[in-house]
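The values are calculated or read from the model by the stated rules, or taken from the named source; none is laboratory data. Because the structure is a prediction, the values reported are computed rather than measured. Please note: Cβ atoms are built from the backbone with ideal geometry, for glycine as well, and neighbour counts cover all protein chains shown. For the accessible areas, the whole protein counts, side chains as well, though only heavy atoms, and no ligand, DNA or RNA atoms are used. Shrake-Rupley method; radii C 1.70, N 1.55, O 1.52, S 1.80 Å.
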Amino acid sequence: MTVIPLGVPRRLLEFTLDGEPVRAPEGSTILDACRAAGKDVPTLCEGDTLTPKNACRVCVVEVEGARTLVPACSRKAEPGMEVRTDTERARHSRKVVLELLASSVDLSTTPKVAEWIKEYEAKPDRFGPDAARLNEEPRVDNELYVRDYDKCILCYKCVDACGEQWQNTFAISVAGRGFDARIAVEHDAPLTDSACVYCGNCIEVCPTGALSFKSEFDMRAAGTWDEASQTETTTVCAYCGVGCNLTLHVQDNEIVKVTSPHDNPVTHGNLCIKGRFGYQHVQNRD
Ligand code: SF4
Ligand code: SF4
Ligand code: FES
């Protein structure tokens, strides 16, 4: 069971959200307030365990008096603010972001994106068949996880998770500029020649499935991946005495991937290689 420690009480700020008065604890973002009010503002580069990077701009909203649209995921709520989440301008901006992403990236494994494309009437083929794409084959260079950069939206979450925000391994970074920008390991080497320690904390935060367990990748390729039939069980990792929480995703009585609860106050969704990938021993029946 995840234990959430009680935090210091925070002052409540009052402001207006889509014409309704709302109150949010000091330090909350506009997105926090939207979620508390049950409003579905799309997000891609935002991560509940990471500092916002403002890379995708799909979460933009209008703030009265602001010249430009503001990213709800990083803009803090202020007293007296008047926020509108569903104006024509904000909807148009989200639509264009979705069209640009859909024209250049494979979004087939990005949760909820199909819903948002419909909601914002975005046209994924707006820029035609000649729109520039990476068209790169998935990189399968180890037995644990696959990097399919054709699905990468350059949100930087994996880089932040691998680097100073969590893992401090710095195995991956952004290489190149403009359209040539890519997530890469040192010298674009295979993962096996890099500093990667296979904690999988980059997979945990990737919003598009560009990074995935090899088990998931293989099952998707074989047409057997069936999220609807999977169960999730959170337990305690038995490998050492730290006591990290593991969520085991099980399909047909086999563990197919392992995640970790983001609200755990110690690990915040992060694991080491043993917790993340050491599950094979459970189902090794040889
Ligand atoms: S598995 Fe861990 S060390 Fe390797 S790239 Fe991902 S976050 Fe970095
Ligand atoms: S691989 Fe995933 S987490 Fe990393 S930048 Fe691309 S979409 Fe973001
Ligand atoms: S989710 Fe807010 S800028 Fe990407």
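Roughly speaking, what is the stretch gain from residue 134 to residue 26, that is 0.36 nm per residue apart minus the C-alpha to C-alpha distance, in nm to one decimal?
Between residue 134 and residue 26, full extension yields 34.7 nm more.
Within 10 Å of each candidate Cβ there may be at most 13 other Cβ atoms; applying that plus a DSSP loop requirement, which GluC sites (Glu not before Pro) in the range 5-111 survive?
Answer in residue order: 26, 64.
Under a 1.4 angstrom probe, counting protein chains only, how are 252, 263 ranked by accessible area, largest first?
252, 263
Could I have the simple spin-label model distance between residue 67 and residue 108, label points 7 Å from Cα toward Cβ, reported in nm to one decimal?
Distance between label points: 4.4 nm.
Taking one equal scatterer on every alpha-carbon of the chain, how large is log10 of I(q)/I(0) by Debye at q = 0.12, 0.14, 0.16 1/Å?
-0.88, -1.17, -1.40
At 0.36 nm per residue, minus the direct Cα-Cα distance, what do residue 214 and residue 280 gain on full extension? Give it in nm, one decimal, please.
Separation in residues times 0.36 nm, less the Cα-Cα distance, equals 22.5 nm.
Could you tell me how far the Cα centroid of the range 114-131 sits from the Cα centroid of the range 194-214, in Å?
Comparing the Cα centres of the range 194-214 and the range 114-131, I get a distance of 27 Å.
Once the whole set of protein chains is in place, how much accessible area is left on residue 179, using a 1.4 Å probe, in Å² to the nearest 10?
Rounded to the nearest 10, that gives 120 Å².
Given charges of +1 on the Cβ of Lys and Arg and -1 on the Cβ of Asp and Glu, with all other atoms neutral, how large is the dipole of the range 134-281 about its Cα centre, in debye to the nearest 20?
Charge dipole of the range 134-281: 280 debye, to the nearest 20.
Mind checking the angle between helix 88-104 and the chain's longest principal axis? C-alpha axes, 0 to 90 degrees, to the nearest 10.
Compared with the principal axis, the helix lies near 30 degrees.
Each label point is 7 Å from the Cα along the Cα-to-Cβ direction; what then is the distance between the points at residue 188 and residue 118, in nm?
A separation of 3.9 nm, rounded to one decimal place.
Taking every pair of Cα atoms in the range 1-130, average 1/r, invert it to obtain the Kirkwood radius, and report Rg/Rh to two decimals.
Result for the range 1-130 is an Rg/Rh of 1.02.
Highest mean first, what order results for 121-129, 159-167 on Cβ atoms within 10 Å?
Highest-to-lowest ranking by the protection proxy: 159-167, 121-129.
Mind listing the long-range amide H neighbours of residue 269? Cut-off is under 5 Å, sequence gap 5 or more, other chains count too, H placed in the peptide plane at 1.01 Å from N.
So residue 269 has HN proximity to 264.
Here are some pairs, 53/214; 95/151; 151/274; which of them have Cα atoms lying more than 22 Å apart in this structure?
53/214; 151/274
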